[in-house]
Every structure is written in C-alpha cells, then in structure tokens.
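Values quoted throughout were computed directly from the atomic coordinates according to the rules given, and no laboratory measurement underlies them. Being a predicted model, the structure only gives us computed values, none of them experimental. Heads up, the Cβs are rebuilt from the backbone with ideal geometry, glycines too, and the neighbour counts pull from every protein chain shown.
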Amino acid sequence: MNKQSFCIANWKMNKDYNESKEFLNQINKKDLSVSNSNIIICPSFISLSLASNKNRNISFGSQNVSSGTSKSQTGEISVEMLESVFCDWVIIGHSERRNILNETNEDISKKMELVYNSKLKPILCIGESLEEKNNNQTENVLVNQIKSSFSRIDFSKDKDILIAYEPIWAIGTGIAAEINIIDENMKLIKKIINNISTNNCNIYLLYGGSVNEYNASEIFNLSEINGFLIGGASLEVDSLYSIYKQI
Ligand code: 13P
C-alpha cells in the first residue's frame, strides 16, 4: 500500500505510567520498518511524559487540550505544555468527551484554533449517534460538526489535519460499522471538506469504532481511508502491531 497511513492508539483512561512504559518497551522491540504507517500513541497525560524523540518510529498524541489560554484553569493542560514533551498530535472532540463531559462544538472549535496555530496537529473526531443515524440525521450531524470545528481556522498555513469518523454506535461494541456505511460516510465527509477552502492543509480521513486485526485490512482498502483511531485493540502490543503491518 502506498497511501499515507496512520495507526493511532487511543488508550482512553487505560494504562498507568508503568504499563505505558512497558507497552512502549515492547513495541519498540518490534520491527517498525515493515510498514510506512505512522504509529501515534495517545496515552494519558501522565504517561505522555514518556514521549521522546528516541522513539523514532512512534509519535505521540494527547487525548485532550484546554480550550482556553488563561493560566487560571485548575487541572487543565495547555498547548505549550504538550509541545514541551514531544507531543505532536491532539485528539479533539472525541464522542466520549462530547457526551460524558459535555464538550460543545464551541469548545471544540476553540481547541481546533489553538492547535492549528501551534506546532501540534489535530485529530478531530466526528460521528453520529445511533438515534441520529436512525433518524437519517448523519449528513446534518457531520456537516455541523465539521463546519463548526473549522469555523475559527483561517487555513493560512500548511498543516496535517486528521479527521476520524467514529460512529458512536460502533465504538467499543466489537462490531465495526458495515463496510458500505463506512464507505458512504467517508465519501460524504470528503464532499463536505471539498466545499471548504482548506488551502494547502493535508486532510486525511480515518475510521474509528471497533477496528481490530481482522477487519483493518478490508476497511483500509476503501478509497478515502488513510488509517485508524483504535481503542480496545490498541491496548495489546500484538493487535496494534498486526493492524500497523496491514496498513
Ligand atoms: P474502540 O476501538 O474500542 O471501538 O474505540 C474506538 C475509539 O473510540 C477510538 O477513539
């Protein structure tokens, strides 16, 4: 496969510091020259300090960033703090943050702006709920999420931007969305983006939602897919490595 690809581990609230360190030791023992895919590990904030430029084949992402710049925000982490620990990427707008932590489109657009204007690169998550899908609202939801996330960005500079389509109804279920639904919605997302002037930004589309070593190859073969945002299957070295080798 010659297309650019991203194999991204979203560990969510899994793995303490020692477990994260052990995982990195183990994956660094694997042959990371067998694929051109970019491995991006997104651990918890405390384990993000394990990120270093020594892991040449692995880059690191944060699972979140503050939407504000004021220092008076107890418990928050700024763009500058992430930049100081060899973090290159930030997941923004994951459905768990939108739904459990009440993150709004407004918060997400502020985070996108801050990250766009920094050295970091965004991994924007979008996707509809089961109810929205059943009410034929998928297109509306995706248009709104994309337009509002990009609303504060002026696209004046080059940047890699990853958009992960994660249908909420497929996350953590063990059953990925049907291949034709993924294909249809990736094409829809491509169409929405093509109507926005993103200048020289490289926008790559990912799929997330019960990706594993058995379904990765088929999904990756879809024309608009450049990789995966992986939850459960990213927690074991062997399953993440297997997906990485296939893309
Ligand atoms: P699962 O791969 O466990 O379904 O999680 C997907 C996800 O939420 C990645 O961000």
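In table form, for the structure just shown:
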| quantity | calculated |
| --- | --- |
| Difference of contour (0.36 nm per residue) and Cα-Cα distance, ASN195 to ILE179 | 3.3 nm |
| Cα centre as origin, Lys/Arg/Asp/Glu Cβ charges: the range 159-247 dipole, Debye | 360 debye |
| Amide proton proximity set for ILE58, modelled H, under 5 Å, gap of 5+ | none |
| Within the chain, longest stretch clear of exposed trypsin sites (Lys or Arg not before Pro) (DSSP loop, no more than 10 other Cβ within 10 Å) | 72-247 |
| Violating pairs (Cα-Cα greater than 32 angstrom) within the set LYS30/LYS111; LYS12/LYS190; LYS30/LYS159; LYS3/LYS157; LYS12/LYS157; LYS3/LYS29 | LYS30/LYS111 |
| Length-normalised contact order for the range 96-148 - Cα pairs under 8 Å, 6+ apart - percent | 31 percent |
| Under-5 Å amide H pairs with ALA164, H placed in peptide plane, nonlocal only | LEU124, CYS125, ILE126, LEU206 |
| Loop GluC sites (Glu not before Pro), the range 124-231 (other Cβ atoms within 10 Å of the site Cβ: 11 or fewer; DSSP) | GLU178 |
| GLU103 long-range amide H proximity, modeled H, under 5 Å | ARG98 |
| Residues of type aspartates and glutamates that LYS21 reaches as a straight line, Cα spacing below 19 Å, ignoring anything fewer than 8 places off in the same chain | ASP31, ASP88, GLU236, ASP238 |
| Relative contact order computed over the range 53-136 (Cα-Cα under 8 Å; 6+ residues apart), in percent | 32 percent |
| Percentage relative contact order, the chain, counting C-alpha pairs under 8 Å, at least six apart | 21 percent |
| Full-stretch length increase - MET13, ASP154 - with 0.36 nm per residue and alpha-carbon distance subtracted | 47.5 nm |
| For the chain: rounded, prolate or oblate by the Cα gyration tensor [a/c cutoff 1.5] | rounded |
| Cβ charges +1 (Lys, Arg) and -1 (Asp, Glu), total dipole of the chain, debye | 660 debye |
